[in-house]
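Below is one structure, written out as structure tokens; comments come after it.
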Amino acid sequence: VTRNGEVVVKESRLGLRFADQPELGKGFTLVSEERGRRDETWEQPWGERRLVRDHHEELQLHFEDTNGRRFDLRVRAFDDGVAFRYEVPAQPGFEQVHIVDELTEFELPKDSTAWWIPGRRYNRYEYLYHATGLGEIETAHTPMTVRTPNGTHISIHEAALTDYAGFVLDQRRDRVFQTNLTPWSDGIRVKTAAPFKTPWRTLQLADDAVGLLNSSLILNLNEPNALGDVSWVEPGKYVGIWWAMHIRNRTWGSGPIHGATTAETKRYMDFAAKYGFDGVLVEGWNIGWDGDWVQNGDLFSFTQPYPDFDIRAVADYGREKGVRLIGHHETSGNVTNYARQMDAAFDLYESAGVRQVKTGYVADGGNIKRVDESGVVHYEWHDGQFTIGEYLRSVTAAAQRKISINTHEPVKDTGLRRTYPNWISREGAKGQEFNAWGNPPNPPEHEAILAYTRLLAGPMDFTPGIFDLAPFGMDSIYRVQTTLAKQLALYVTIYSPIQMAADLPENYESRPDALQFIVDVPTDWEESIALAGEVGDYVVFARRERGGDDWYLGAITDEAARQQEITLDFLEDGRAYIAHIYRDGFHANWKTNPYALEIEAREVRRGDVLPLRLAPGGGAAVRFEAGPAQ
Ligand code: NOJ
Ligand code: CA
């Protein structure tokens, strides 16, 4: 792969290996090729931008060996990157296919820097990112971000991962990374039958860090919406009985401080209604949480509430106030227990008017419990072919009831929201929860790395908006390592069509000034523009609300203070806007003075320069309220 004269991926190997026949790759010759191109613009039902342009050239290469065995390589070149996949047509001997290895390799340029998390480890995708030379990497999850000595930025990932295994990048030789497919518990990587196609192997390419953020390559490589009318998929903001458990004020299990009670849910619903939040998430409502819930995968009921939680009563109470109950299914990794109850579980929520369910798959990597038809137990990976199928099963079963799914402990996002728009968000990185108990909590650079790594894959349910930044005191290591202004900015820098306001109602009511930004900020956008940034240092985004004229801006920095001069050339020409600016106070610092917040309103126009001073661990959030159209 060559870009502007720079070789970004040197000639690298391709191929597939099987359990019971010779590989596809070695010994094949190119017999013919076809070319095509596309330039079309399609519309997202919800998203970071409404309109997406898919503009690419395509080359399909047909390969054959002397025995007449065939496969194709389909390649697409976009302005913002390239992608390819293997396509294996139906042919004798491929009625049942066991892939034992995919040989795809990427040889990357010398002296590149990478931002990466380790692959195939117990904590799934929940690791702090490393910024190192390529030599430090053994295996890495994707998206992995690489900067070459020329300053070209590369993101290696995959698109449209269904009915196949995910891969980790495995450094086989210096700078040569292989797509190491996640195996089933029996060692086979993929069980399929021809015809089949692999997911797209993708390279996003840009001149600078920000260029990666303005690319829609992953979405463009996914299939169009398969669900038809999805007007029932509802972006929005939510609160929930959640952080209280993470900071140990409440419990998921039953007892004197059980969180999911009818009364507590109504209290959250009152708060939600007062400030215009759309939903209230309730975790710990169902039988199975008592004791060490991480080990309770066999015990969870997804239909039986604890006696102090009246699901009908709270759903009805919410409906009267215009607030929906948001459902929760924690599997603790026993997907068979979940699959057996799934229809009944979604029926119950559907009948209660629930439109969104958060799912959870807390289990160590390689510990997803699968019970086969003979009752034998097997343990699988979250990103293996089996579990990938189970995640999608939950999404399609939910779609039949007009329910959207927010998956925690998911498989990595590969853009399937385009095909299944009710797969509304997911976790898949260290989120806010780590600040309550993670060893270590998220450092100030974390969200400035996420923007250029995890978030290239798709929306993340990070759960921003913590206002009490030191729930265990300023001396505890379990602190949120940001300023208050940065918590607000995260609503703009982290894209998700659903965003939680994660803190307790009482902590919001003690800062109504800051809360106003969360009340105002939308979660669905007409357009999004990354304006400035460097991987791991800072990022500035501007987004225009869907169906409106207001713009929002979020800027966040790592541990370093930073001065940013933002030219407001995204605003509409000739129109006046009131900029409501929420910025770090003069002496703000995440460590010593995180609450210093200055709020100012001033009139601005297109072309004005807005100076923003970001404190160490700080940020700025701005709402540009549009004046009358010209
Ligand atoms: C892990 C999820 O990420 C978290 O949000 C949730 O509270 C717990 N699992 C319990 O389901
Ligand atoms: Ca989690």
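The numbers here are math on the coordinates, done by the rules we state, and not lab data. Quantities reported herein were computed from a predicted structural model and do not represent experimental measurements. Counting neighbours? That spans all protein chains shown, and the Cβs are built from the backbone with ideal geometry, glycine included.
Bridges between two residues of the range 334-419, per DSSP, are antiparallel at a rate of about 45%.
Computed from point charges on the beta carbon alone (+1 for Lys and Arg, -1 for Asp and Glu), the dipole magnitude for the range 57-147 about its Cα centre is near 300 Debye.
Length gained on full extension, Val377 to Asp520: 46.6 nm, using 0.36 nm per residue less the C-alpha separation. Computed over the chain, relative contact order equals 12 percent, with contacts defined as Cα pairs under 8 Å that lie 6+ residues apart. When peptides 538-548, 134-144, 295-305 are sorted by average Cβ neighbour count within 10 Å, with the highest value leading, the order is 538-548, 134-144, 295-305. Placing +1 on the Cβ of every Lys and Arg and -1 on the Cβ of every Asp and Glu, with nothing else charged, gives the chain a dipole about its Cα centre of roughly 180 debye. Taking the alpha-carbon distance from Lys358 and a cut-off under 26 Å, which lysines remain once sequence neighbours fewer than 8 residues away in the same chain are dropped? Counting by Cα, and skipping residues close in sequence, Lys358 has these lysines nearby: Lys237, Lys266, Lys274, Lys321, Lys369, Lys402, Lys412, Lys430, Lys486.
Inter-part distance, the range 291-363 to the range 563-630, computed on C-alpha centroids, equals 41 Å. In plain terms, the chain from Thr41 to Arg267 could stretch by 76.9 nm, reckoned as 0.36 nm per residue minus the Cα-Cα distance. With contacts taken as Cα pairs under 8 Å and at least 6 residues apart, the range 439-515 reaches a relative contact order of 37 percent. Label sites at Gln96 and Ala313, each approximated as a point 7 angstrom past Cα along Cα to Cβ, lie 5.5 nm apart.
Cross-link partners of Lys110 among lysines, defined as those whose alpha carbon lies under 17 angstrom from its own and excluding same-chain residues fewer than eight positions apart: Lys10. When both the range 26-82 and the range 393-436 are represented by their alpha-carbon centers, they are found 27 Å apart.
Projecting label points 7 angstrom from Cα along Cα→Cβ for Ser510 and Ser476 puts them 1.3 nm apart.
Modelled label positions at Gln400 and Lys274, each set 7 Å beyond Cα in the direction of Cβ, lie 4.2 nm from each other. Each of Thr152, Ile247, Asn337 was scored by the projection of its Cα onto the charge dipole of the chain, and the greatest displacement toward the positive side belongs to Asn337; charges sit on the C-beta of Lys, Arg, Asp and Glu.
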